[in-house]
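Everything on this sheet refers to the single structure shown next.
The values are calculated or read from the model by the stated rules, or taken from the named source; none is laboratory data. Bear in mind that the values here come from a model prediction, so they are computed numbers and not experimental data. Don't worry about glycine lacking a Cβ; one is built from the backbone with ideal geometry, like all the others, and counts go over all protein chains shown. All accessible areas refer to the heavy atoms of the entire protein, side chains included, with ligands and DNA or RNA removed. Shrake-Rupley method; radii C 1.70, N 1.55, O 1.52, S 1.80 Å.
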Amino acid sequence: MTTVTTREAAAPAAPPPAPSPPRSRRGGEVTPVARGVWPLMVPALVVTVTLVVLPVLYTVWLSVSDLRRDGTNAGFVGLDNFARMAQSPEFWNSVRVTLVLFVGCLLVETVLGIALGYLMSIDVPGRKLFQGLMLIPAITASVAVALVWMLIYDPTLGAANQLLTAVGLDPVVWLGDPDIALWSIALVDVWQWTPFMALIIAAGIRSLPAEPFEAASIDGASGWRKALHVGLPLLTPVISVAMLLRTVDLVRFFDTVYIMTQGGPVNSTNTLNVYGYRAAFIDQQTSYAAALQLSLLLLVVVIAGAFTLWRRRRSLD
């Protein structure tokens with residue numbers, strides 16, 4: 001007789017509890033990634049403090065003091081420079097010129113950028129070569145662009161007046177007429193930076209999903225309706241990013257204006273940045289120029305902040 005002995009299977013031992021991750025003083029978990037990021041941020045923080053924070057603090061100190069032409073500082077003067085700035089007609093004229101140039105160039109570059117971006121998004125032979133050629137104005141130094149357009153605007157030998165004469169129109173003093181000079185400079189900026197806007201928008205168009213357009217086609221929507229009611233809303237985040245990049249550049253517009261007109265004629269192209277430069281390096285009014293540059297910084301922050309707030313609300317909607 002055979003006896004069969006049965007044994008109960010031994011239950012597997014429970015694994016030891018995993019050690020709890022270290023926590024910060026506020027109770028949040030400190031991951032290895034977080035511990036490794038802070039040392040990498042130190043060089044960026046040092047550069048930011050050195051190149052941004054310290055110059056801004058120094059500019060604030062200059063704006064509330066009186067630095068004279070001989071290099072001596074008469075001491076703290078409070079808000080005298082800002083009061084002088086607020087009472088200066090030239091300051092308000094420079095603000096008006098800056099805003100007119102900003103609004104005009106931004107609107108034209110956005111509209112032309114959308115149209116040109118659509119053309120650049122079409123797959124045709126030589127599209128990449130065409131895109132590269134279109135970017136030449138944007139990657140060219142602004143100094144070179146300004147000098148070339150000064151030759152084009154030359155009253156006697158320039159190509160612009162020769163073109164007008166060829167179609168039977170009178171020559172124009174492009175940079176010498178106070179009523180035309182600002183728009184002549186705006187044309188240069190539109191020529192230089194519209195391809196930049198178009199390239200960003202073209203990339204956005206190529207990344208749009210096809211399903212909404214197919215659904216609109218099934219519903220019988222025409223090409224224009226699909227573009228306005230489907231494509232444009234989907235493309236709004238991309239357009240807003242491109243407009244924000246151009247906004248920061250346009251508000252602090254300087255190099256092209258200073259090379260071509262130096263703020264003239266009769267201060268018709270005297271932007272806020274040019275006005276501050278002339279106050280600092282030509283009139284030798286360093287403290288007053290510091291106040292002007294702080295006002296320019298405030299204008300950039302306000303416009304860029306309003307733009308960012310608008311983009312955030314659009315994304316939430």
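Below, the figures for the structure above:
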{"quantity": "Which numbered condition Gly126 misses (of (1) within 27 Å of Gly276 (Cβ to Cβ); (2) open to solvent by less than 70 Å² (accessible area, probe 1.4 Å); (3) out of contact with any helix residue (DSSP H, G or I) (no Cβ under 7 Å at 6 or more places or on another chain))", "calculated": "(1)"}
{"quantity": "Evaluation of Val97 against (1) part of a helix (DSSP H, G or I); (2) open to solvent by 20 Å² or more (accessible area, probe 1.4 Å); (3) among the β-branched types (Val, Ile, Thr) (one fails), failing number", "calculated": "(2)"}
{"quantity": "Of residues in the stretch 155-181 being within 27 Å of Ala198 (Cα to Cα) and small (Gly, Ala, Ser), the one least open to solvent (accessible area, probe 1.4 Å)", "calculated": "Ala181"}
{"quantity": "Tally, over the stretch 113-153, of residues that are outside any helix (DSSP H, G or I) and within 18 Å of Val257 (Cβ to Cβ)", "calculated": "3"}
{"quantity": "From Ala289, Ala304, residue being within 18 Å of Ala86 (Cβ to Cβ) and of a type in the set (A, V, I, L, M)", "calculated": "Ala289"}
{"quantity": "Filter result for the condition that a residue is under 31 Å from the mean Cα position of the chain (by Cα), under 25 Å from Val111 (Cβ atoms) and acidic (Asp, Glu), over Asp189, Asp177", "calculated": "Asp189"}
{"quantity": "Residue list for the stretch 134-154, restricted to those being hydrophobic (A, V, I, L, M, F, W, C) and either under 22 Å from the mean Cα position of the chain (by Cα) or exposed (fewer than 11 other Cβ atoms within 10 Å of the Cβ) (or both)", "calculated": "Met134, Leu135, Ile136, Ala138, Ile139, Ala141, Val143, Ala144, Val145, Ala146"}
{"quantity": "Single match in Gly276, Gly231 (criterion: under 30 Å from Ile122 (Cα atoms) and surrounded by 18 or more Cβ atoms within 10 Å (Cβ to Cβ))", "calculated": "Gly231"}
{"quantity": "The listed residue being surrounded by fewer than 16 Cβ atoms within 10 Å (Cβ to Cβ), in contact (Cβ under 8 Å) with a residue 24 or more places away in the chain and of a type in the set (A, V, I, L, M, F, W, C), out of Val257, Val248, Val190, Val238", "calculated": "Val248"}
{"quantity": "Matching residues, the stretch 260-273, being surrounded by fewer than 18 Cβ atoms within 10 Å (Cβ to Cβ) and of a type in the set (A, V, I, L, M)", "calculated": "Val266"}
{"quantity": "Residue among Gly78, Gly71 that is assigned to a loop (DSSP other than H, G, I, E, B), open to solvent by less than 50 Å² (accessible area, probe 1.4 Å) and within 23 Å of Tyr288 (Cβ to Cβ)", "calculated": "Gly78"}
